[in-house]
Amino acid sequence: QVQLVESGGGLVQAGGSLRLSCAASGSIFGFNAMGWYRQAPGKQRELVARITSGGRTNYADSVKGRFTISRDNAKSTVYLQMNSLKPEDTAVYYCNAERVPRLVVGSQWNDYWGQGTQVTVSS
C-alpha cells in the first residue's frame with residue numbers, strides 16, 4: 001500500500017503563487033502516471049495536471065500557462081507549481097497515482113489518492 005501525502009496548500013491573494021508537493025511512501029517508478037486533481041465546493045473532482053512515467057504532461061485548459069507539474073523520482077515526489085492564481089482556483093487539491101495495471105474496482109479506478117490540501121485564493 002502506497003501513501004500519498006500532500007503539502008503546500010494555504011491562503012494566497014489573487015495573482016500569487018503556491019507550490020504543492022506530493023510525497024509518496026514508496027517509489028513512484030511503478031506508476032503509469034501521477035497527477036493533481038481538485039474539487040471545489042458543489043463541483044465534481046476534475047483533473048488539473050498529469051505527468052506520465054515518461055515525463056509527458058497534460059493540463060486542464062483553465063490552468064495552461066499558469067500551472068506546472070513536475071516529478072522528482074529520486075525523492076518520490078510530484079510537484080504542482082501554481083502561478084497567477086485566481087479565486088476560481090480555490091479548491092481542495094488531491095494527489096493521484098495511477099497503478100499498473102489500472103483497473104476498475106466498483107465504479108472507480110484503483111488509483112491511490114492523497115488526503116487533499118486546501119488552496120484558497122482571495123480576490
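The values are calculated or read from the model by the stated rules, or taken from the named source; none is laboratory data. Please read all numbers here as calculations on a predicted model, not as lab measurements. FYI the Cβ positions are ideal-geometry reconstructions off the backbone, even for glycines, and counts take in every protein chain you see. Protein only, heavy atoms only, side chains kept; ligands, DNA and RNA dropped before computing areas. Shrake-Rupley method; radii C 1.70, N 1.55, O 1.52, S 1.80 Å.
Brief remarks follow.
- Complete set of residues in region 58-76 that are at pLDDT 95 or above and either among the β-branched types (Val, Ile, Thr) or part of a helix (DSSP H, G or I) (or both): ASP61, SER62, VAL63, THR68, ILE69
- Positions within region 35-49 being in contact with a strand residue (DSSP E or B) (Cβ under 9 Å, 6 or more places away or on another chain) and at pLDDT 95 or above, in sequence order: GLY35, TRP36, TYR37, ARG38, GLN39, ALA40, LYS43, ARG45, GLU46, LEU47, VAL48, ALA49
- Boolean, ARG102 is surrounded by 11 or more Cβ atoms within 10 Å (Cβ to Cβ), of a type in the set (Lys, Arg), at negative phi and not in a loop (DSSP other than H, G, I, E, B): no
Okay, residues lined up against (1) within 15 Å of the chain's Cα centre (by Cα); (2) outside any strand (DSSP E or B):
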residue	(1), (2)
ARG19	yes, no
ILE28	yes, yes
GLY35	yes, no
GLY42	no, yes
ARG50	yes, no
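- Test: residue in region 96-110 that is touching a Ser or Thr at 6+ places or on another chain (Cβ under 7 Å) and of a type outside the set (A, V, I, L, M, F, W, C): no
- Flag if SER17 is open to solvent by 50 Å² or more (accessible area, probe 1.4 Å) and touching a helix residue (DSSP H, G or I) at 6+ places or on another chain (Cβ under 8 Å): no
- Of everything listed in (1) closer than 12 Å to TYR93 by Cβ; (2) among the aliphatic types (A, V, I, L, M); (3) open to solvent by 50 Å² or more (accessible area, probe 1.4 Å), the single unmet condition for ALA49 is (3).
- Total residues in region 74-99, condition exposed (fewer than 12 other Cβ atoms within 10 Å of the Cβ) and either in contact (Cβ under 8 Å) with a residue 12 or more places away in the chain or touching a His at 6+ places or on another chain (Cβ under 6 Å) (or both): 2
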